[in-house]
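The values are calculated or read from the model by the stated rules, or taken from the named source; none is laboratory data. Predicted model, so just to flag it, every value in this text is computed and none were measured. Quick reminder, even Gly has a Cβ in these numbers, built from the backbone with ideal geometry, and neighbours come from all protein chains shown. Keep in mind that these areas ignore ligands, DNA and RNA; they rest on the heavy atoms of the full protein, side chains included. Shrake-Rupley method; radii C 1.70, N 1.55, O 1.52, S 1.80 Å.
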Amino acid sequence: MSHTMTDGTRAGAVDASPAEPSKRRWLILAIIGIAQLMVVLDATIVNIALPSAQADLGFSDGNRQWIVTAYSLAFASLLLLGGRIADLFGRKPAFLIGVTGFAAASMLGGASTSFGMLVTARALQGVFGALLAPAALSLLNTTFTDAKERAKAFSVYGAIAGAGGAVGLLLGGVLTDALDWRWTLFVNLIFAIVAFIGGWVLLTNHRDAANSKLDLPGTLLVSSGLFSVVYGFSNAETHDWSSAATWGFLAAGGILLAAFAWWQTRAEHPLLPMRVLLDRNRAASFITVLITGAGMFGVFLFLTYYLQLNLGFSPTKTGVAFLPMMAALMVMAQVSTTILVPRIGPKAIIPAGFGIAAVGMAWLTGIGIGSSFSTAVLPQLLLIGAGIGMVMPPAMSLATSGIAPADAGVASATVNTMQQVGGSIGTALLNTLAASAATSYLSGKDATDKLVQAQSTIESYTTAFWWSAGFFVAGAVIAFLLYRRGKLERADNGADAAPVVHM
């Protein structure tokens, strides 16, 4: 039966009666959503706890960034490998191993007694996350083959991917305030137990690419290339763009990824077949996810600083402040994915979403030292959330639209990679631009004056918001130019759309 993988209906049929998928598929969506939330929120949940962890374990400010970077480096560089492993060896074992490994790494991190132990645990979280995320997304793709049900499933999944960072901030704040920083890691065990039991009971295994082999040269090229790119941007964030490590790793990453692209056109069993990349709507969706990942950090990162350092919010109150944005995102995720895009098409809806998010970002630059959250932040967050809800879930669904089941895992991994690299680019660029803006404002002024210092931070935040708005405007233009006109045409083979991402 594994030789009939060209038939798209094979992926979602599992060896069961027709009634069985109808009973199970929404439970499977819940399990996939829990696993995805665990991976996505871990990109931000530890951030709020970093000061407490630093005080407890006694590491320096310079080393603090590695708690975040270790996760993103391992996750980004191994995603394509993780996606292909799921295709080759089966999505159910990849999912279960990913969940188990992620939980074990989280427990190790929560029990850390040294900086080295915590960094190792975070890197291991990234390794197992790179296996889990593509497996979860490709499972979503092969479980939901009906167009309308796919749209609903992706609206849920896309909302999790878009709002997961804010959930991480909220949960991280609550756990740090109420318990201890270690619980920002221990909490993953709860998610993992539910996901593992659900996955073990509900999932069936498919090896849609069982006749292929792992592309080892391609794996080495793309893993080292992505590692170099993410490390280069991370180094720029903590050091300088003129640093030899920054431009050296970025240049090496570019060369390695170019070599990878060349090799994929010649490999007998390519890690990332060119057919995955060459569809016009799919390419537009990959770029859309990358730009959204870059721009969203302007909200989560710098608005978190503003709320805590300038408005005096506690970690928990900061997390609660993002809830309206999450609500707007989830509502628009449902509307855009199930109603607007199917009726109008992505060429109008996704650029419009980018435009709305850009307006919200530009409006957010009006913040000041004594601004009120209800007037200077809340309306803007609602706009940004609605805009991202019109962009992220549809783009994630379209990114693997029409993909063959044998390529579902690696296509899902590609979008996860784009989001992760976009986040790395956005974090590095916005941090650098914000720091430059603060330095420029302080030039010629009394830097010891607290009011001057506070205003310099405002300048840094608003500069980041303006640039994020610029990212979204660029996204609107690119999406409008690249997406095809008109409504979407569904494939007849049951592989009409697929999963993707991460935050």
Item to check | About the Cα centre, charge dipole magnitude for region 28-131 (Lys/Arg +1, Asp/Glu -1 at Cβ), debye | outcome: 260
Checklist outcome for this item: Across the alpha-carbon set of region 380-489, Rg over Rh with Rh taken as the Kirkwood radius works out to 1.14
Item to check | Convex hull volume per residue for region 344-412, taking Cα atoms only, in Å³ | outcome: 98
Checklist entry - Could you state the principal axis extents of the C-alpha atoms in region 254-334, from the largest down, to the nearest angstrom? => result 57, 32, 17
Checklist entry - Can you work out D for region 40-168 in µm² s⁻¹ from Stokes-Einstein, where Rh is the Kirkwood radius over C-alpha pairs, the temperature is 10 °C and the viscosity is 1.306 mPa s? => result 101
Item to check | Angle in degrees between helix 346-364 and the longest Cα principal axis of the chain, rounded to the nearest 10 | outcome: 20
Checklist outcome for this item: Sorting E149, E459, E268 on solvent-accessible surface, 1.4 Å probe, most exposed first, gives E268, E459, E149
Checklist outcome for this item: the chain accessible area per residue, 1.4 Å probe, protein heavy atoms, integer Å², reads 37
Next on the checklist: Helix 280-305 against the longest principal axis of the chain: what's the angle in degrees, Cα atoms only, rounded to the nearest 10?
Outcome noted: 30
Checklist entry - Given P351, A94, T184, which one lies farthest toward the positive end of the charge dipole of the chain, if we put +1 on the Cβ of every Lys and Arg and -1 on the Cβ of every Asp and Glu? => result P351
Item to check | Extreme residue, positive dipole direction of the chain, given options T400, G198, Q420 (C-beta unit charges) | outcome: T400
Checklist entry - Under a Cβ-Cβ cut-off of 15 Å, what is the net charge of the residues other than I197 that fall near it, where Lys and Arg count +1 and Asp and Glu count -1? => result +2
Checklist entry - Could you give the angle, 0 to 90 degrees to the nearest 10, between helix 244-264's Cα long axis and the longest principal axis of the Cα atoms of the chain? => result 10
Next on the checklist: How much of the pair distance distribution for the chain lies past 42 Å, counting alpha-carbon pairs only, in percent?
Outcome noted: 12
Next on the checklist: Applying a 10 Å radius around every beta-carbon, put 444-450, 287-293 in order of their mean neighbour count, most first.
Outcome noted: 287-293, 444-450
Checklist entry - Count the lysine pairs in the chain that are 8 or more places apart or on different chains: how many have C-alpha atoms under 21 angstrom apart? => result 9
Checklist entry - Which value results when the Cα radius of gyration for region 245-284 is divided by 2.2 N^0.38 Å? => result 1.43
Checklist entry - Calculated from DSSP H runs of 4 or more alone, at -39500 (n - 2.57) each and per residue, what is the 222 nm mean residue ellipticity of the chain, nearest 500? => result -25500 deg cm²/dmol
Item to check | Estimated vicinal HN-Hα couplings, Hz - region 373-381 in sequence order (Karplus 6.51, -1.76, 1.60; Gly, Pro = x) | outcome: 4, 5, 10, 9, 10, 4, x, 5, 5
Item to check | Karplus (6.51, -1.76, 1.60) ³J(HN,Hα), θ = phi - 60°, over region 141-154, in Hz, Gly and Pro reported as x | outcome: 4, 7, 7, 10, 9, 6, 4, 5, 5, 4, 4, 5, 4, 6
Next on the checklist: Could you sort R343, R266 by their accessible area in this structure, using a 1.4 Å probe and putting the largest first?
Outcome noted: R343, R266
Item to check | Sulfur and carbon atoms: percent of accessible area, the chain [1.4 Å] | outcome: 67
